[in-house]
1. Dipole magnitude of the chain about its Cα centre, charges +1 at Lys/Arg Cβ and -1 at Asp/Glu Cβ only, in debye to the nearest 20?
2. Once R0 is set to 35 Å, what does the formula 1/(1 + (r/R0)^6) return for the Cβ-Cβ distance between Glu366 and Ala206, expressed as a FRET efficiency to the nearest 0.05?
3. Please report how far the C-alpha centroid of region 291-365 lies from that of region 98-161, rounded to the nearest whole angstrom.
4. Evaluated at 20 °C with a viscosity of 1.002 mPa s, what Stokes-Einstein diffusion coefficient in µm²/s does the chain have when Rh comes from the Kirkwood expression over alpha-carbon pairs?
5. Given an 8 Å cut-off on Cα distances and at least 6 residues of separation, report the relative contact order of the chain as a percent.
6. Report the one residue of Ala363, Gln283, Leu379 whose Cα lies farthest in the direction of the positive end of the charge dipole of the chain (charges on C-beta: Lys and Arg +1, Asp and Glu -1; origin at the Cα centre).
7. Given a Förster distance of 41 Å, report the FRET efficiency between Thr328 and Ala405 from their Cβ-Cβ distance, rounded to the nearest 0.05.
8. From Cα pairs below 8 angstrom and at least 6 apart in sequence, can you work out the relative contact order of region 299-380, rounded to a whole percent?
Amino acid sequence: MAANPYDLVRYPTFPQFQTHPDRLAAVGRLFGMNPAPVEACRVLEIGCGSGGNLIPMAYALPHSSFMGVDLAAEPVADGMSTIQDLGLENVVLHSRDLREVGPEAGQFDYIVAHGVYSWVHEEVREGLLAVCRACLAPEGIAYVSFNSFPGGHVRQMLREMMLHHVRNTEDAAERIRQAREFLGTLLESHHWPKAWGEMRDHEVKAMLKWNDGSLYHDELAPFNQRFYLHEFAAAAQRHQLQYLGEAEPHEMFDPSRGMDGLAGDVLERVEHLDFLKARRFHQALVCRAERSLNRSIAAQQMPGFLFSSCARREDDGKIAGLRGVRITAADEVSSAVALALGEVYPLPLTFNELVPYVGNEEALCEILFALAITGFADLHVYHFPCEERVSDRPRASRLARYQAARSPFVTTARHGAVELDEIGRRLVQLADGTRTQAEIAAALGAEMELDRVVSGLKWMASRALLEG
Ligand SMILES: C[S@@+](CC[C@H](N)C(=O)[O-])C[C@H]1O[C@@H](n2cnc3c(N)ncnc32)[C@H](O)[C@@H]1O
């Protein structure tokens, strides 16, 4: 039997916040669903690899249960040994073809398939949607990401050239080497028309930064198919599933047109935006076709959510929030709400916690709705627990300490990945709740003085790495 390419060249997996039950539930609630509570739900991840996304969810949500499946045996075995080391009893990974998952696996409130749909042949794609239909609970939501048109045409062109360039070798390492060499040559070429050259350079520079796993499996893979949104939605419909929306809900709105952007046929509107934005990747959410949805969403729904944003004032007086979205400071009330969110970020605030900044619930609804549909702020339904202050004996999460001992990447309580340098890794491991700040500094010896240790610990708190 041919070796599984994902055993041959490993594909590192990381926490993906946009696949978290909190996000899926928030979008579901926005469109009138009644999704299962984040703290007590069942989650299935298809194509989970080594569990870099699923295991941190299971660690943080001990009363929810998690199952992952992936065809590649080695990443799954690695993930299972992490699960054992951490003593987690609410998560299991199976090395299995997704098409073997049937109704006997039970019903899931959330199903996640990130980076799978575009990279498998048609039979497996259909199988993936069939699993979603067979295993989604009545209020269940599935996340299926895929490469899309029209923006995907640029990558498609580069992929085709790369595949041609490496066609004479089967060896994985050599294919990666030749592809990198080819991309480097393209970057140096001055023969492309100027306007095309800018687009090419943007893409090529991004690809050259990818790790080997991403280059090999994303663009050099035998399958990497792009779809228009309507093609995906039609495939979902064949499996009695309907398009619910995007896991990044602001992607469904044209901020210049506010709510008008969603009136009428949502699919038409979002696809029209695909054309306006040259979108090349979708993080689509689907639910059972028979579930009726509320498409007349309104600012008045905002009291049902929590909100987060990394908002901070910039030198020019504007306030920058998530995804680089900026608001002017001219509107003092909106600014006060935004800055209040920035104060506690990455943790969210409830609607009621924000009322005092405006004094008027109706006005607050409008402000928060505008912040959410522009992508300045995220919507949540769940309050991520973490320690905001640095105690005398600070404790990084057990998961972060475990990860820091093995890699530069650790997971935050908000399900994000943070990259640490060598000293940061040692600091996280030493902050295990048994040492005072001074003892941590002493253990680091000459490498770090106490005041730097204190600021390092404050930084950890600000990244939601500490536990109470
Ligand atoms: C591009 S990787 C994405 C991994 C991970 N979800 C992420 O986004 O980082 C695709 C994954 O799908 C898995 N896969 C491919 N075909 C599969 C199948 N028929 N059944 C289960 N898993 C499959 C691969 O082994 C691989 O781990």
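Every read-out reported here was derived from the displayed coordinates using simple, explicitly stated rules and does not represent laboratory data. Here the structure is a predicted model, which is why all the values come from computation and not from measurement. So basically every Cβ, Gly included, is an ideal-geometry build from the backbone, and we count neighbours across all protein chains shown.
1. Values: 46 positive and 63 negative charges, 50 e Å.
Around 240 debye, computed over the chain.
2. Numbers: r = 37 Å, r/R0 = 1.05.
For Glu366 and Ala206, the calculated efficiency is 0.40.
3. 33
4. Numbers: Rh = 23.8 Å.
This corresponds to a translational diffusion coefficient of 90 µm²/s.
5. Once divided by the residue count of the chain, the mean separation gives 14 percent.
6. It is Gln283, whose Cα lies furthest towards the positive end.
7. Values: r = 46 Å, r/R0 = 1.11.
Once the sixth-power term is evaluated, E becomes 0.35.
8. Numbers: 141 pairs, mean separation 35.7, N = 82.
RCO, region 299-380: 44 percent.
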